[in-house]
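Everything on this sheet refers to the single structure shown next.
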Amino acid sequence: MGPSQLIRMAGLATDPGGTMSNGTHRARNTSRRSPHNARLVRLMAALGKPVGGGTVPNFAERLGRLFDLSDTVVLDAANKHRPEGPFRTNPTDPERLRADLAKTRDTLAAGVLESFQSESVSDPLPKPKAPRKAGVPPSFDLYQRFYLARQRQLAVGVQRLRGRARKAVSGRGPALAQLAELDAVFEATLMNYGRYCFSALPGVLETRFKALWRDHHKKQAEQPDPPENWIKEGAWLDRFHQEMRLLLLVELETRLEPVLGLLDALNNEDANPQ
């Protein structure tokens, strides 16, 4: 499976000019977007992470559990905040935010793909090495470092974009300015929770890494098994690289959801002016 197929599977598409994009390059009606958080959950399940069952509390209850008393006070203040102008009505704002979102997504996605090909990045993709002991899987530690380095890049890039999106939204009117204020509170309050959730992904990959190795080792039996063969097309480590790359791209789309929500609000304001 090539990079372009992986991009499409992650919800991205490659345009004729070679840049990567998805729904923000399409029509303004974003209600048809695929739920990227659901896609991430499905991908984790496909990689071997069990999906929790049982009764799931409603969204408000689940969200309320993440706020302590001080967070609630800050959120209440933001909810009561009534921004005063002057505000502007600039019909190009949604287009500018859409272009900024697309450019940031393209840059971050391209960085993910490049990291699998270049050795000049921080914590580059590990080269295959034979295990220290026969039958024992190679160490996953370097792959964990590689994934965490990519996660840091995604987090920083999306955080900066989200700040710019709030600035674009806050100048359009009191309702959107209040929304931007609430978004800032949610980002600050839920940052640790988001970091905790995304930190689980390397563990999912480690489980998958070991499962692929076990299957490969059983099939290999007593045959020669040079590490350079592991990254040939379709070999176990090549498959792992592709799955790790796909997971990073889906993670990127999930991290962008709050920005897409701000863009939706800006589009809705244009469609339904007060």
**OP:** With a 1.4 Å probe and all protein chains in place, put PHE209, PHE198 in order of accessible area, largest first.
**Re:** PHE198, PHE209
Original post:
Quick one: net charge of GLU187's neighbours, Cβ under 10 Å, K/R +1, D/E -1?
Top reply: +1
Subject >> Potential extension, LYS167-ARG152 segment - 0.36 nm per residue separation minus Cα distance >> reply: 3.1 nm
Original post:
What distance in nm separates the simple spin-label points at ALA99 and ALA184, each placed 7 Å from Cα in the Cβ direction?
Top reply: 2.6 nm
**OP:** Just read off the accessible area of ASP215 with the full protein assembly in place, 1.4 Å probe, to the nearest 10 Å².
**Re:** 80 Å²
Subject >> Total formal charge among the other residues, if their Cβ is under 13 angstrom from that of HIS216, Lys/Arg +1 and Asp/Glu -1 >> reply: +4
Subject >> Segment ALA175-ALA200, length gained on full extension (0.36 nm per residue, minus Cα span) >> reply: 5.4 nm
Original post:
Which order do ARG42, ARG239 take by accessible area at a 1.4 Å probe, largest first?
Top reply: ARG42, ARG239
Original post:
How much length, in nm to one decimal, is gained on full extension between LYS127 and ALA46, taken as 0.36 nm per residue of separation minus their Cα-Cα distance?
Top reply: 26.6 nm
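The values are calculated or read from the model by the stated rules, or taken from the named source; none is laboratory data. If you're wondering where the values come from, they're calculated on a predicted model, not measured in any experiment. Heads up, the Cβs are rebuilt from the backbone with ideal geometry, glycines too, and the neighbour counts pull from every protein chain shown. Surface areas here come from the heavy atoms of the whole protein model, side chains and all, with no ligands, DNA or RNA. Shrake-Rupley method; radii C 1.70, N 1.55, O 1.52, S 1.80 Å.
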